[in-house]
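The next block holds one structure in the form of structure tokens; read it before the comments.
The values are calculated or read from the model by the stated rules, or taken from the named source; none is laboratory data. These numbers were taken from a predicted model, which means no experiment stands behind them. Here the Cβ positions follow ideal geometry from the backbone for every residue, glycine too, while neighbour counts run over all protein chains shown.
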């Protein structure tokens, strides 16, 4: 926030010059300047600089003059002239305008509410806080999914695996492309996906519903490889709710047949991504100003 405020100390400045000033102030390397926010749409340093400007405007230390330009206010000049100020979100809580800006959007009027929100994290932008909250929700749900899957009966677990592969696009538009093979199995195979209507190209599945810590070793991989050979198959997917040992991964990598290994965490992630065992409750859209739209607005 300090370099963003300082860059306007001599008058009106454009946001492009602000970004340049910030980069020079922190002596960012070319590698650091190339780091982008998760969406990939904007450099991280520029995103944080723009949020800093927004905060300073809301606190009355900066003032927007025209599109893309801003200048320092008398309040901002006083802050720069006062030694010892640590200019951050916590400090901006001293200004009523900033607290009001940061209040929860549900109509509440408690004066300390904005202070509590900002105090939670003084170094993150609202975008970053939102993404972190999303990650916490997603991780919690994926953990719940995995725990649920570990408790279902074996036949339902095999059906879950087939449903997941179909949801991921395996089988294409072929009707009844995926199926489990029942309790008897089929020479060590738990399910199969037909990649074409005649079933010429097939993907065979092995599913092991194990508790955490009960890892899959190389012997199980070799057994699955033998089953694939019996079917003259070239594609196999081995899925477990636990994990694979390092030697099991090496065995799968060294066998001639293509065998993909999916552990419990990866399984939960895929089920989340393709809405198998979960559903979308609410969608939040993160939007930003369309600068191009306002280009001709004067």
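What the table below lists for this structure:
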quantity: For residue 264: the one exception among (1) surrounded by fewer than 21 Cβ atoms within 10 Å (Cβ to Cβ); (2) in contact with a helix residue (DSSP H, G or I) (Cβ under 8 Å, 6 or more places away or on another chain); calculated: (1)
quantity: Residues satisfying the stated conditions in the stretch 3-17, i.e. touching a helix residue (DSSP H, G or I) at 6+ places or on another chain (Cβ under 9 Å), assigned to a helix (DSSP H, G or I) and at pLDDT below 95; calculated: 15
quantity: Flag if residue 209 is modelled with pLDDT of 85 or more, surrounded by fewer than 20 Cβ atoms within 10 Å (Cβ to Cβ) and in the same structural domain as residue 157 (by TED's automatic domain parsing); calculated: no
quantity: Hits in the stretch 21-46 - residues which are out of contact with any helix residue (DSSP H, G or I) (no Cβ under 7 Å at 6 or more places or on another chain), in a helix (DSSP H, G or I) and surrounded by 14 or more Cβ atoms within 10 Å (Cβ to Cβ); calculated: 44
quantity: Subset tally (residues that are over 16 Å from residue 287 (Cβ atoms) and under 12 Å from the mean Cα position of the chain (by Cα)) for the stretch 130-145; calculated: 7
quantity: Single condition residue 61 does not satisfy, out of (1) buried (at least 20 other Cβ atoms within 10 Å of the Cβ); (2) within 30 Å of the chain's Cα centre (by Cα); calculated: (2)
